[in-house]
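The values are calculated or read from the model by the stated rules, or taken from the named source; none is laboratory data. All values reported here derive from a predicted model rather than from experimental measurement. Here the Cβ positions follow ideal geometry from the backbone for every residue, glycine too, while neighbour counts run over all protein chains shown.
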Amino acid sequence: MNHLTTKKVVNMTKHSFLLLLIFVSFTSCQNAKPVPKDKESYIGLWITHSGFQIDIKSAGTASITQIADTLDPDFTKLNIAVAPPFIKEMFVEFKGDSNLLVAKPLYFAKEYLINKSPYQEGDTSKLILNGVIFIKQK
């Protein structure tokens, strides 16, 4: 190999390494983070009266079931418009005490306003997102 060919190979290797480093950094940022201790009351299966469901896991993921009464006004407040009826392994991120973000990177995302954190009403645990009451299933 002559000097120019060697220099091209070294530059290509540097660029390939840089691209690999960027790719690894990008994909490593897309790992679920466990639900913080102060938000553990959100863990569980939550269902609305229209049938919309969100199942939040301690590992920081959630499954959403959008098979619900689509004519119910609450459905439009919660629906992830271009997503399928059932979405698994969405990442959960709490943005302070006021927002809950669920996202499947590169596919779907929805940010919900937390109107009221999980609370007890008699024997029932409730949560209000986007003005819609969710009831925790046992």
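For beta carbons closer than 7 Å, sequence separation of 6+ or different chains, a first residue in the range 72-90 that is closer than 15 Å to L129 by Cα and a second that is of a type outside the set (D, E) and loosely packed, with under 15 Cβ neighbours inside 10 Å, the qualifying pairs are K77/G131.
All conditions in (1) assigned to a loop (DSSP other than H, G, I, E, B); (2) within 12 Å of the chain's Cα centre (by Cα); (3) in contact (Cβ under 8 Å) with a residue 12 or more places away in the chain hold for D69, with the sole exception of (2).
Per-residue answers, yes or no, for (1) outside any strand (DSSP E or B); (2) modelled with pLDDT under 95:
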| residue | (1), (2) |
| --- | --- |
| A62 | no, no |
| T76 | yes, yes |
| A83 | yes, yes |
| K88 | no, yes |
| S117 | no, no |
| I128 | no, no |
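Listed by first and then second residue, the pairs linking a residue in the range 97-112 that is over 18 Å from F52 (Cα atoms) and free of Cβ contacts under 8 Å to residues at least 24 places away in the same chain to a residue that is small (G, A, S) and in a strand (DSSP E or B), with Cβ atoms under 9 Å apart and 6 or more places separating them unless they lie on different chains, are D97/S117.
Per-residue answers, yes or no, for (1) exposed (fewer than 15 other Cβ atoms within 10 Å of the Cβ); (2) under 20 Å from D38 (Cα atoms):
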position: E89; (1), (2): yes, no
position: D97; (1), (2): yes, yes
position: P118; (1), (2): no, yes
position: G122; (1), (2): yes, no
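Against the condition among the basic types (K, R), part of a loop (DSSP other than H, G, I, E, B), within 28 Å of K126 (Cα to Cα) and at pLDDT 90 or above, how does K33 come out, does it pass? So K33 fits the description; yes.
Taken over the range 104-114, the criterion of being hydrophobic (A, V, I, L, M, F, W, C) and at pLDDT below 95 is satisfied by L106, F108, A109.
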